[in-house]
Amino acid sequence: MFSAEKAASQKAKELGTQNIPRKSAMADNDNDNESDNERAPRTLREATAKADTKKGNNKDSKKDNNKRAKPVETAEPDAIEKRVLEQAKKYQRGGSSIKSNSTEKTPQQVKSKKAASKIQHEQRRREEAALAAARSEMLLTEDAGFLEAEGMERTYKITQNQLAPNLDLSSAAKIFDLKLPDFGPYSMQYSANGRNLLLGGRKGHLATMDWRNGRLGCELHVRETVRDVCWLHNESLFAVAQKKHVYIYDHSGAEVHCLRKHVEPTALGFLPFHFLLASTGMTGQVVFQDITEGGVVGEHRPGYGPNHVLRVNPHNAVVHVGHGNGTVTLWAPQQQKPLAKLLCHRGPLQAMAIDRSGTYMATSGLDGRVKVWDVRTFRQLHDYQTMRPAQSLDISQRGLLAAAWGPHVSIWKDALATRVDKPYMTQLVPGATLSSVRFVPYDDVLGYGHSGGVSSMVVPGAGEPNFDAYVANPYQTTKQRQETEVKQLLDKLAPETIQLDPTFIGRLDPRSKAQMDHTQLEEQRSKYAADKAAGRYLDNEVKNKMKGRNSTAKRFARKRQSNITDLKKLQDMERMDRELREAAERARPVPEAEKGALG
């Protein structure tokens, strides 16, 4: 018995020691189950209760974190960030200042929270866009450079033969001379991206070419006088001012259209954002025609005789026309009268050029003067003199002014903003008479047409060194050109948007309707008083009638009738004014606190 009890107690001890880890394992399993239950609740009631407990825990933890958190000091911008902020000022829109890592407060006058959030989001988006544009300038590695002379040297004495050995192979290849003595003189124009060249000989020779690679696009002879040539929206179409009408050709040289509304044209201009072709000619008319729909948008008669000069302002798309009496008129398609008139020269106008910012305009006349004008104030800034009247003018993207007079080409640097005494570069074409000069966009090259053909010269610092591929891409493919054409058509502007001030769209008249009616009424009163004082209603101003109805009594009756009608009109005007004042008095005045953003 004793041995059996002893064996049983020993066995129980062994079983007890074996059960201890089992309990811990069960406890671990229970903990795992509890953790599983925390991650995935079984019922919806458990889920909501658990979510409430979590929210309470999160709030407590946030309060603890707020108590423990210390104020974070914003680091001052480094040198690169300061430079970006300085460059971002020119991309700034509105009166708000651009600051790094900061958001502007919502305007106090906006009561709607939804509108305030939209305004704040728009301000933040504009600020980010300005900073991104400023940062992208750091990626522009190219920089413009000019010729610099040492000691007694002068830059205008450096010839192209002396300059070519010091250039790289690609730049030296841009100096060429095409001898075409049979069909000159030639007018020329480069495409918007500076890749293609359009030539037009006075005796009917037309050609397009990729002048960088020397690859000919098309060549034809129209067998009649060619006065001017012009690219359209891209290099696939071009317009030619021929003897009787304007013709449009495609890239293969096939005739596409004949625009018979343009009679005897002498100068052409194209508005790329409105897809309008403008022309003037021997009839003196200024015609605007939409090349997408084919209709004539505007047709004006300045009344100054035949015109030979027409240029388009790239800033506001206003067309500048030069006349034979030395006057320059500014035209928009939807305005029957010129937007402005300038008396620029004492003789007929010969040439004109406008810079790409639309600020400066250069003109030349038969009086041998080249004048620079400020288009914003219509005032003369500078005056230059040439030995012969300049036949053609052009302004580069960097502000260089080129003038072709006789066999010479003169180029002035900084001649628009300041008065310079000596030219920057010169070029002589012996035995030829120059007819046109054009700068190549995004390149330091000047092309000029003359009676012996077409030539080009290198002008350091003339073109913009960094191009925007969304605006003009010299290396675009056929697919990119097609996509750009579709986008241009979708973004086409209406002719009504052409004004001297292109920022007029979106402006509001702060006057109320009652104020505008009152102003109109005052104008009518003043006009009536001026007409009455001038004797407009006297007997001799009454129109004569047919035989038998022009007696003295009837003329006096018509005079009395006219006077009575005008007096009645004046009484009606006074009654309307009185009613408007009474309505304004009855209207409840709106306090300043209730006025919205447009108040």
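The values are calculated or read from the model by the stated rules, or taken from the named source; none is laboratory data. This structure is a prediction, so every number in the text was calculated from the model and none was measured. Using ideal geometry, Cβ is built from the backbone for each residue, glycine included, and neighbour counts are taken over all protein chains shown. Keep in mind that these areas ignore ligands, DNA and RNA; they rest on the heavy atoms of the full protein, side chains included. Shrake-Rupley method; radii C 1.70, N 1.55, O 1.52, S 1.80 Å.
More than 30 Å from K341 (Cβ to Cβ), within 25 Å of the chain's Cα centre (by Cα) and surrounded by fewer than 22 Cβ atoms within 10 Å (Cβ to Cβ), is that true of A472?
Considered against the rule, which asks whether it is more than 30 Å from K341 (Cβ to Cβ), within 25 Å of the chain's Cα centre (by Cα) and surrounded by fewer than 22 Cβ atoms within 10 Å (Cβ to Cβ), A472 comes out as yes.
Please give the number of the condition F467 fails out of (1) open to solvent by 40 Å² or more (accessible area, probe 1.4 Å); (2) modelled with pLDDT of 85 or more.
Here F467 clears every test but (2).
Please enumerate the residues belonging to the range 270-289 that are touching a Lys or Arg at 6+ places or on another chain (Cβ under 6 Å) and at negative phi.
Q285, V287
Kindly indicate whether any position in the range 211-220 is of a type in the set (A, V, I, L, M, F, W, C) and either buried (at least 19 other Cβ atoms within 10 Å of the Cβ) or touching a Cys at 6+ places or on another chain (Cβ under 6 Å) (or both).
The answer is yes; a qualifying residue exists.
Restricting to the range 474-506, count the residues that are among the charged types (D, E, K, R), closer than 18 Å to F270 by Cα and assigned to a loop (DSSP other than H, G, I, E, B).
Selection size over the range 474-506: 2.
Might you let me know whether the range 246-263 holds any residue that is part of a strand (DSSP E or B), charged (D, E, K, R) and in contact with a Phe, Trp or Tyr (Cβ under 9 Å, 6 or more places away or on another chain)?
So far as the range 246-263 goes, yes, one or more of its residues are part of a strand (DSSP E or B), charged (D, E, K, R) and in contact with a Phe, Trp or Tyr (Cβ under 9 Å, 6 or more places away or on another chain).
Of all residues in the range 507-528, which are part of a loop (DSSP other than H, G, I, E, B) and open to solvent by 70 Å² or more (accessible area, probe 1.4 Å)?
The answer is R507, L508, D509, P510, R511.
Please work out if E150 is surrounded by 11 or more Cβ atoms within 10 Å (Cβ to Cβ) and either more than 24 Å from G399 (Cβ to Cβ) or without any contact (Cβ under 8 Å) to a residue 24 or more places away in the chain (or both).
No.
I need the strands (runs of 3 or more DSSP E) fully contained in the range 307-363, keeping only those with at least 1 residues that are surrounded by fewer than 19 Cβ atoms within 10 Å (Cβ to Cβ).
327-331, 340-343
Kindly establish whether T497 is exposed (fewer than 11 other Cβ atoms within 10 Å of the Cβ) and modelled with pLDDT of 65 or more.
Considered against the rule, which asks whether it is exposed (fewer than 11 other Cβ atoms within 10 Å of the Cβ) and modelled with pLDDT of 65 or more, T497 comes out as no.
Test R215 against the stated conditions and say whether it is over 24 Å from Y442 (Cα atoms) and free of Cβ contacts under 8 Å to residues at least 24 places away in the same chain.
no
Please determine whether any residue of the range 208-225 is under 24 Å from K487 (Cα atoms), out of contact with any helix residue (DSSP H, G or I) (no Cβ under 9 Å at 6 or more places or on another chain) and among the small types (G, A, S).
No, the range 208-225 has no match at all.
Could you grab me the full set of residues in the range 156-198 that are among the polar types (S, T, N, Q), surrounded by 13 or more Cβ atoms within 10 Å (Cβ to Cβ) and within 34 Å of the chain's Cα centre (by Cα)?
Matches in the range 156-198: S171, S187, Q189, S191, N193, N196.
Listed here are the residues, each with its yes/no results for (1) at negative phi; (2) touching a strand residue (DSSP E or B) at 6+ places or on another chain (Cβ under 9 Å); (3) not polar (S, T, N, Q).
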site	(1), (2), (3)
S410	yes, yes, no
A415	yes, yes, yes
T418	yes, yes, no
Q427	yes, yes, no
S435	yes, yes, no
F439	yes, yes, yes
S455	yes, yes, no
V458	yes, yes, yes
P465	yes, no, yes
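Which of the residues that make up the range 129-147 are in a loop (DSSP other than H, G, I, E, B) and either open to solvent by less than 50 Å² (accessible area, probe 1.4 Å) or not hydroxyl-bearing (S, T, Y) (or both)?
Listed by number, the residues that qualify are L140, E142, D143, A144, G145, F146, L147.
Against the condition in contact (Cβ under 8 Å) with a residue 60 or more places away in the chain and not polar (S, T, N, Q), how does K179 come out, does it pass?
yes
Name the one entry in G269, G298, G284 that is in a strand (DSSP E or B), at pLDDT below 95 and closer than 27 Å to T327 by Cβ.
G298
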